[in-house]
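The values are calculated or read from the model by the stated rules, or taken from the named source; none is laboratory data. All values reported here derive from a predicted model rather than from experimental measurement. Cβ atoms come from the backbone with ideal geometry, glycine included; neighbour counts cover every protein chain shown. Please note that ligands, DNA and RNA were not included when accessible areas were found on the heavy atoms of the full protein model with its side chains. Shrake-Rupley method; radii C 1.70, N 1.55, O 1.52, S 1.80 Å.
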Amino acid sequence: RSCARSCANCVHVCLCLLCEPPRAMASLLGKVDDVDIDSGTFKYILIKVHHSPPEGTETSKFITRGYRSASFHSDVYDQVVPGIEKLGLDCECVGGGRIQHNPDTKTIEVYGYSQGYGKADHSITVGLLKAKYPDYNKITFSNDGY
């Protein structure tokens with residue numbers, strides 16, 4: 001079965017089986033912000049959020065979370081998981097590190113690792129941060145430090 005109209009350009013609500021599942025999955029992942037971080041220096045984690053419908057293809061994306069209130073990387077994860085699961089999505093922490101975020105100078109430095117989760121792929125985190133803060137002067141990472 002296929003949609004009678006081109007779904008990429010349509011303005012109608014397409015309910016065909018070929019179109020609706022991908023839209024539903026994308027809209028679920030779209031409800032989760034890519035970045036939520038504080039200012040200052042704090043621990044952060046990189047999380048893979050995924051939707052695995054019983055019938056269909058798994059979709060996923062990476063998100064970054066970091067809060068000054070977190071004493072441990074696991075505190076960040078514990079704070080984030082309930083909201084993701086409430087949407088019917090699953091997630092896993094794929095690593096962590098630290099972020100130094102200075103909104104006044106519009107700079108962000110990503111570095112270090114998590115003793116519990118290992119080192120995040122800081123290049124993914126920097127990509128997410130650059131998309132969130134396109135007007136920043138400098139967003140970089142280093143694999144040095146704790």
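Key figures
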read-out: Gly95 long-range amide H proximity, modeled H, under 5 Å; value: Leu46
read-out: Low-density loop positions, trypsin sites (Lys or Arg not before Pro), region 34-103 - DSSP coil, at most 16 other Cβ in 10 Å; value: Arg68
read-out: Region 66-146 - share of DSSP beta bridges that are antiparallel (%, nearest 5); value: 55 percent
read-out: Accessible carbon and sulfur surface of region 76-121 relative to its total accessible area, %, 1.4 Å; value: 43 percent
read-out: FRET efficiency for Val81 and Asp135, using Cβ-Cβ distance with R0 set to 30 Å, rounded to 0.05; value: 0.45
